Amino acid sequence: MNRLRTTILGLACATSFGAAAMLPAHADEPDAFKIGAVISFSGPYGIIGEGMKRGAELAIEHRGGTVLGKPIEVTWEDSETKPQPAVQKASRLLANGAHMIFGAVSSASTVALQGLTDQRKVPLLVTISADDRITRPNGSRYTFRTSNTLGMEMRMALEFTKARGLKKIYGVGADYAVTREGWDFYRAEAEKMGVEIVGIDYPPLGNRDYSVIIDKISKTDAEGVILVVTGSDGVTFLKQAGQAGLGKDKLLFGPVLQDELLAAAVGPAAIGANSGVRYHFSYDSPANRKFVEAYRAKYGEWPNSFAGEAYDGMSWFLDVVDGTKSWDKEKWVDAFAGSTRENSVEGTKVMRACDHQAMQVGLWGVVEKGEAPLPELTMKITDVFQPEALFPPCAE
Amino acid sequence: MSTIVIGLSMGLLLFLLAAGLTLIFGMLRVINFAHGSLYMLGAYCAYQIVQTTGSFWLGLLVAPFLAAAIGALMERVALRPVYARDHVYQLLLTFGFILVIDEAVRLFWGLEYKQIAPPDLFSEPVAILGSQVPTYRLFIIGFGALIAAGLFFMLERSRYGMVIRAASGDPEMVQTLGISVSRIRTFVFAFGSGLAALGGVVAAPLLPIELGMGFSVIIDCFIVVVIGGLGNIRGAVLGALLIGMTRALGYTYAPSWVEFLTFVLLIATLVLRPEGLFSRKGRAA
């Protein structure tokens with residue numbers, strides 16, 4: 001009898017332990033999927049944050065606000081376009097149970113976040129920072145970039161140089177490491193193609209007066225001027241170049257020189273400037289048509305690059321997470337690496353397992369005068385470069 | 001030769017940006033950190049006026065007065081109570097103004113870049129000695145020279161300038177003569193604020209109008225003011241021209257050395273002639 005009692009008790013205990021062992025999987029299942037978004041709402045890139053927020057929110061809305069059967073909660077934090085606040089705020093979000101981090105905007109902030117998310121083994125979704133080092137072979141296991149890299153954009157500029165048959169080029173690059181590396185790559189590859197580099201200037205970041213450089217360029221026989229500058233530097237250059245009539249006999253172009261936001265800041269002098277475009281509302285794909293229609297219905301304006309890229313990246317990542325039917329972050333990471341997004345807003349994107357960089361087409365356009373309902377100055381997409389021409393194999 | 005024309009335009013634009021800063025320091029002994037924010041405010045006000053009326057000239061005329069009114073309010077409400085205290089209070093106060101003005105601009109105009117085109121009169125460049133020089137640059141040269149001459153005569157040759165200088169040098173004596181030193185101080189701060197805004201309006205057709213534009217300009221303003229001599233209008237003109245020419249010639253012949261040369265000039269001035277390269281002993285303005 002005692003043996004029987006012991007056996008029953010033993011079985012009961014074993015069952016209890018077994019049940020207890022199984023319970024945590026359900027008991028630990030969170031009430032919500034928490035996204036910690038650390039993006040720029042102030043500082044030099046403050047203009048970018050709002051578009052990213054709108055795009056990401058629309059991606060969440062389009063899936064009914066849930067993933068893995070739980071509601072999605074996003075906490076928005078301002079990185080102030082600086083690495084230190086970005087890390088501080090992301091740390092707080094992770095302490096509060098964020099399942100992933102979305103951000104940052106500036107590459108310096110994103111690199112800083114990578115250290116944190118790698119340490120905590122939490123996925124980091126990047127949809128705007130372009131520094132090539134963010135996604136490098138055998139780099140961060142937890143970082144994924146669904147948007148362009150600067151290297152890809154420099155290759156687009158190279159393809160554009162080739163396509164337009166430009167033989168003499170003058171370069172202007174903002175004086176910091178990433179730009180100089182980009183320029184060095186462009187120069188080496190352009191010279192291999194037989195292009196003559198007739199001059200180069202590295203004005204400081206935030207330069208306010210390009211008149212001397214513009215005067216120097218105008219006195220050369222350069223057919224094209226590549227501007228490896230962006231944001232307000234690109235706006236300032238194009239405004240001042242327009243006043244000196246530089247664009248009349250020289251083709252002005254750059255990897256990230258213009259979009260609708262920047263063209264509006266330049267004014268009519270932007271017309272004719274050529275640039276790589278990270279995303280464009282006019283790109284013809286079923287997913288993009290659906291996104292643009294929804295965005296315009298909700299916000300009453302055309303989505304900018306930041307909104308488009310954020311929508312695309314967030315939709316893709318959440319679909320992958322949902323597909324794993326698991327709350328195990330390692331499974332999300334394994335599933336995202338090597339996944340293919342057939343219905344991206346820019347056609348098919350493939351997340352390379354070797355560096356977690358999405359291979360995708362590269363868009364290139366020229367600023368033109370827009371007719372309503374388009375913005376007053378709008379980008380017309382002139383070239384769509386294929387991924388094979390823009391992404392070297394991981395071994396390189 | 002075209003480099004000299006460009007250098008002149010760079011120098012006189014720098015002078016327009018720095019004139020208000022040197023005036024306020026010279027007369028009130030206040031280092032106005034908010035100078036860059038007032039410059040930015042001038043550009044935004046001009047943008048709004050141009051958007052509403054289509055006239056750049058109206059923006060050039062009205063925006064400085066709006067900034068001057070705000071400057072007068074800042075001086076009357078916040079600065080006046082701390083004149084007697086340590087300079088640190090004034091520095092902190094003007095730093096606080098930066099935050100207030102920047103936030104107000106963000107609320108009114110948002111984060112998007114704004115733009116003003118130069119007036120149609122200046123839409124085409126002119127050929128000068130083989131260079132295409134934007135006509136707006138020629139306007140900056142002329143307008144900057146006019147403002148410099150006007151300021152010089154107002155401060156050095158007019159009766160009002162004499163009173164301002166006297167109030168700066170010996171406020172108690174001026175007060176005993178029945179002249180309100182407080183009013184003069186308010187006027188000077190408002191005038192300096194208006195000059196900052198004027199710089200913003202003149203620079204606006206060359207640059208994107210954006211929230212951070214005041215921060216980047218303040219460093220250049222301090223370089224001009226230190227080299228020219230704190231509070232010295234004549235020195236500010238010459239200092240600005242020196243910097244403008246250094247940059248114009250530097251970008252032409254030794255572009256990698258431009259920033260280095262500018263800061264070497266600043267450090268050399270501080271070490272060898274801290275009162276400024278163009279200051280005269282006893283000069284107040």
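Every number here is computed from the coordinates shown, using simple stated rules; none is lab data. Since the model is a prediction, treat every value here as computed from it, not as a measurement. Glycine gets a Cβ as well: all are built from the backbone with ideal geometry, and neighbour counts include every protein chain shown.
Observations on the model:
- Here's the picture: charge each Lys and Arg Cβ at +1 and each Asp and Glu Cβ at -1 in segment B:2-217, and of B:Asn32, B:Ala117, B:Ala78 the one pushed furthest to the positive end of that dipole is B:Ala78.
- 5 angstrom amide H check on A:Ile72, placed H, neighbours 5+ away: A:Phe33, A:Thr66, A:Val67
- Here's the picture: charge each Lys and Arg Cβ at +1 and each Asp and Glu Cβ at -1 in segment B:2-217, and of B:Phe152, B:Ile101, B:Val5 the one pushed furthest to the positive end of that dipole is B:Phe152.
- Residues in segment A:170-184 carry Karplus couplings, in order, of 10, x, 10, x, 4, 7, 8, 3, 4, 5, 5, 4, x, 5, 4 Hz; the curve used is 6.51 cos²θ - 1.76 cosθ + 1.60 with θ = phi - 60°, and Gly or Pro positions show x.
- Among B:Arg185, B:Arg85, A:Arg136, the ranking by other beta carbons within 10 Å of each residue's beta carbon, starting with the fewest, stands as B:Arg85, A:Arg136, B:Arg185.
- Zone of A:Lys219's modelled label, taken as backbone nitrogen in segment A:173-200 under 17 Å from a point 7 Å along Cα→Cβ: A:198-200
- Test item: Cα-centred dipole of segment B:2-217, Lys/Arg +1 and Asp/Glu -1 on Cβ, debye: 500
- Between A:Asp184 and B:Phe260, the modelled label-to-label distance comes to 1.8 nm, taking each label 7 Å out from Cα in the direction of the beta carbon.
- The value of relative contact order for chain A, using C-alpha pairs under 8 Å at least six residues apart, is 16 percent.
- Taking other Cβ atoms within 10 Å as a rough exposure proxy, B:Ile4, A:Ile48, B:Ile49 sort from fewest to most as B:Ile4, B:Ile49, A:Ile48.
- Test item: A:212-223 mean partner chain Cβ contacts at 10 Å: 4
- Here the calculated FRET efficiency for A:Gln88 and B:Leu270, from their Cβ-Cβ distance with R0 = 41 Å, stands at 0.70, rounded to the nearest 0.05.
- For segment B:218-229, 3J(HN,Hα) per residue [Karplus equation, 6.51 cos²θ - 1.76 cosθ + 1.60, θ = phi - 60°, Hz, x = Gly/Pro]: 5, 5, 4, 4, 5, 4, 4, 5, 5, 5, x, x
- Nitroxide proxy distance, nm - points 7 Å out along Cα→Cβ at A:Thr348 and B:Arg183: 8.1
- Arranged from fewest to most other beta-carbon atoms within 10 Å of their beta carbon, A:Glu309, B:Glu112, A:Glu342 become A:Glu342, B:Glu112, A:Glu309.
- Rel. contact order, % - alpha carbon contacts under 8 angstrom, at least six apart, segment A:317-396: 18
- Segment A:Ala95..A:Asp328, full-extension length gain: 82.1 nm, with 0.36 nm per residue of separation and the alpha-carbon distance subtracted.
- Estimated FRET transfer efficiency when R0 is 41 angstrom, pair B:Leu73-A:His62 (beta carbons, to 0.05): 0.25
- Mean separation of Cα pairs under 8 Å and 6 or more residues apart, divided by the residue count, gives segment B:2-217 a relative contact order of 46 percent.
- Spacing of the two label points (7 Å from each Cα toward its C-beta) at B:Leu107 and B:Ile31, in nm: 3.0
- Under 5 Å, built H, 5+ apart or other chain: amide partners of B:Ile128: B:Val133
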